[in-house]
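Bear in mind these aren't lab numbers, they're just calculated from the coordinates by the rules spelled out. These figures come from a predicted structure and were not determined experimentally. For neighbour counting, all protein chains shown are included, and Cβ atoms are generated from backbone atoms with ideal geometry for every residue, glycine included.
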Amino acid sequence: MTKPRDIPDIPTRQERADRLKERIYLTFTALAVVLALRAHGDDDAAKALATLVVTVFGTLLAVFTADIVSHLVVHERMMTRKEFRHAVSSSFGALGAVTLPVVFLVLAVLDVWKPEAALRASTIALIAALVVIAFAAVRHTTLNPLQRLIALGAEAALGVAVVGLQILAHG
């Protein structure tokens, strides 16, 4: 029996993990960029937006390329259509993780917000995104509530550590 084409495939645990992993990579990358932009104190919102967008797309292309290369090494063959779709969706599906910083910087370009306020809000949004991603990762696991809380706290602490390292580097 074939399944109807309008019913989407239910992602496997590995596919869900891949999507979450890419979101984490992209969120940490965006966080580092936003913090560096804040540290340099540049008031040009358009430059900040362009820097973030170029970095995000460069990171996504690098991750996508790494997925293709690692697949070739592990499986010694090209990706199937389904595997290729998964690689595209897990890599580029991570864009949702950086939506708010882009929106905040667009508001700064439009002079609705000051660039510093947009970058500060972006920092907060990205750390919050890391916690949301961690929650999505642990919510369907067999971890007990305390272990889930520890996992969420660890993700938030790592986000704050990135902030601290950037402040040290640029302070």
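Of all residues in region 96-147, how many are under 21 Å from VAL162 (Cβ atoms) and of a type in the set (Phe, Trp, Tyr)? Count: 2. For region 65-102, a tally of residues being of a type in the set (Gly, Ala, Ser), more than 27 Å from ALA46 (Cβ to Cβ) and either without any contact (Cβ under 8 Å) to a residue 12 or more places away in the chain or exposed (fewer than 14 other Cβ atoms within 10 Å of the Cβ) (or both) returns 2. Selection of region 42-60 for residues being touching a helix residue (DSSP H, G or I) at 6+ places or on another chain (Cβ under 8 Å) and surrounded by fewer than 17 Cβ atoms within 10 Å (Cβ to Cβ) yields ASP42, ASP43, ASP44, ALA46, VAL53. Once region 136-152 is narrowed to residues that are exposed (fewer than 13 other Cβ atoms within 10 Å of the Cβ) and of a type outside the set (A, V, I, L, M), the residue that is nearest to the chain's Cα centre (by Cα) is ARG139.
Residues that are crowded, with 22+ Cβ neighbours inside 10 Å and not small (Gly, Ala, Ser) within region 103-122 comprise PHE104, LEU105, PRO115, LEU119, listed in sequence order.
Among the residues of region 10-22, are any assigned to a loop (DSSP other than H, G, I, E, B) and either among the hydroxyl-bearing types (Ser, Thr, Tyr) or under 16 Å from the mean Cα position of the chain (by Cα) (or both)? Within region 10-22, one or more residues are assigned to a loop (DSSP other than H, G, I, E, B) and either among the hydroxyl-bearing types (Ser, Thr, Tyr) or under 16 Å from the mean Cα position of the chain (by Cα) (or both).
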